[in-house]
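Data block below; observations after.
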Amino acid sequence: MNNISIIGPGLLGGSVALASKKFELADRISLWVRRPAAVEELMDANIAEIVSNDFNEVIPDSDLIVLATPVGAVGEILSKIIPIAKSNAIITDLCSVKKCVVALVDKLLSNSNREDLNFVGAHPMAGAEVGGFINARSDLFSGSVCAITPGITSSENSEAVVYKFWEELGCRCIKIDASMHDEMVAKVSHLPHLISSALAITSLDDKSDDVKLAGPGIKGMTRVALGSPDMWAEILLQNKDSVEKVLSEHIDSISEVLNHLKDGQHEEILKFLNKARENRINCFPSD
């Protein structure tokens, strides 16, 4: 790829830019920012040849366009990008929910008659509880898993390009159906965020003296609750069906433990704790 454009250089988009520059993945890196005030700040960071809030300065020569925006902004931004994108450009993204994004982008591309453009969805399982370019890192994706979720506007070549791109950023890539992706992240990402938030509400009431005894355990378990509420509300609602299903299953599990406690069933509680410990060891044996 000669030219890479990144739309929205916050934590994730900024990290893509930093890693792309570090590993020399393109001759030219271009950044699109929504706020004019951010242009000078990003130019001073010296990670891109072009920084602009004008799509016409960023998009036309791009071989790979990376959408690092909230899910809700994808449609609006793509409607401006599609008409000015070069022939055979490839579009990818970083959105946490894939089914709705892949369907939306495929529809927009199909309706625009731009059969020369390809979209390949992607979701690197990397991030932090803090956002913004100031927290971006060139090694953010190192060792992470990246889900590759092709759609009807993907081609064999575009899939290979996107796959290689994320591998070069440090990810281990897995190709997966967009619907299956959403079901999986509901379990391993979206549900944990809800639980962390609920735990922070139940256990860390700042009007209570209980927090005086809070240790590293509760601090670690509630870390992800620090994530942007606006961003997470959107993610949860975009993946509503999958999150509802897994949240109901979790509530049933907790209710079962509650009943065991009420009945003083030591063996059942021990079985629950042993199963949890076994799952953790099996999934992350090196920890």
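The values are calculated or read from the model by the stated rules, or taken from the named source; none is laboratory data. Worth saying up front: this structure is predicted, and the values here are computed from it rather than measured. Positions of Cβ are backbone-derived with ideal geometry, glycine not excepted, and every protein chain shown enters the neighbour counts.
Structure above, values below:
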item	result
Check on residue 63, modelled with pLDDT of 95 or more, touching a His at 6+ places or on another chain (Cβ under 9 Å), within 19 Å of residue 5 (Cα to Cα) and in the same structural domain as residue 18 (by TED's automatic domain parsing)	no
Restricting the stretch 1-56 to residues that are assigned to a loop (DSSP other than H, G, I, E, B) and charged (D, E, K, R), the residue that is farthest from residue 78 (Cα to Cα)	24
Odd one out for residue 160, checked against (1) in a helix (DSSP H, G or I); (2) within 20 Å of the chain's Cα centre (by Cα)	(2)
Where residue 93 falls short, out of the listed (1) in contact (Cβ under 8 Å) with a residue 60 or more places away in the chain; (2) within 21 Å of residue 138 (Cα to Cα); (3) not basic (Lys, Arg)	(1)
Helices (runs of 4 or more DSSP H) wholly inside the stretch 227-287 containing at least 3 residues that are over 18 Å from residue 188 (Cα atoms) and within 32 Å of the chain's Cα centre (by Cα)	266-283
Given (1) free of Cβ contacts under 8 Å to residues at least 24 places away in the same chain; (2) farther than 22 Å from residue 11 by Cα, index of the condition residue 82 fails	(1)
Matching entry among 201, 235 (being outside the structural domain of residue 24 (by TED's automatic domain parsing) and within 15 Å of residue 129 (Cβ to Cβ))	235
Top-ranked residue in the stretch 155-179 [being basic (Lys, Arg) and touching a strand residue (DSSP E or B) at 6+ places or on another chain (Cβ under 6 Å); ranked as nearest to residue 141 (Cα to Cα)]	172
Complete set of residues in the stretch 98-115 that are part of a loop (DSSP other than H, G, I, E, B) and either among the β-branched types (Val, Ile, Thr) or modelled with pLDDT of 95 or more (or both)	98
Some residue of the stretch 192-203 being of a type in the set (S, T, N, Q), closer than 23 Å to residue 20 by Cβ and assigned to a helix (DSSP H, G or I)	no
Residue list for the stretch 211-240, restricted to those being exposed (fewer than 12 other Cβ atoms within 10 Å of the Cβ) and of a type in the set (Asp, Glu)	230
Tally of residues being in a strand (DSSP E or B), β-branched (Val, Ile, Thr) and in contact with a helix residue (DSSP H, G or I) (Cβ under 9 Å, 6 or more places away or on another chain) across the stretch 122-153	2
Meets criteria (of a type in the set (A, V, I, L, M, F, W, C), assigned to a loop (DSSP other than H, G, I, E, B) and not assigned by TED's automatic domain parsing to the domain that holds residue 239) for residue 95	yes
